[in-house]
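What follows is a single structure, written as structure tokens, with notes after it.
Nothing in this text is a laboratory measurement; each read-out follows from the coordinates by a stated rule. Since the model is a prediction, treat every value here as computed from it, not as a measurement. Note that we place each Cβ from the backbone using ideal geometry, even for glycine, and neighbour counts take in every protein chain shown.
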Amino acid sequence: MDDLELRHIFTSLCTLAEQGPLPVQAYSVLVRRMCPEALAEELHRGWLADSRFSPTAAAIILHVCT
């Protein structure tokens, strides 16, 4: 998965999160397909770029850690 695809996925997740809670399957697919370093970098970018992304990023981190 390249950087552009990754950014599109995170943008889509943020848009979906505005509509309501995201299903756990969305996090699972994302976490399984990405290397941890790329995931951490994209979460950091998302957090800095868009304050609405914070709850989504926090939920992804919680899913990764549990």
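A few remarks follow.
- Residue-by-residue Karplus 3J(HN,Hα) for the stretch 10-17, coefficients 6.51, -1.76, 1.60, Hz, glycine and proline x: 5, 5, 5, 4, 5, 5, 5, 5
- Dipole of the chain computed with +1 at Lys/Arg Cβ and -1 at Asp/Glu Cβ about the Cα centre; of Val64, Leu39, Pro21, farthest Cα towards the positive end is Pro21.
- Note on Arg32 and His63: the model spin-label points, each 7 Å out from Cα along the C-beta direction, lie 1.1 nm apart.
- The chain shape via C-alpha gyration tensor axes, a/c threshold 1.5: rounded
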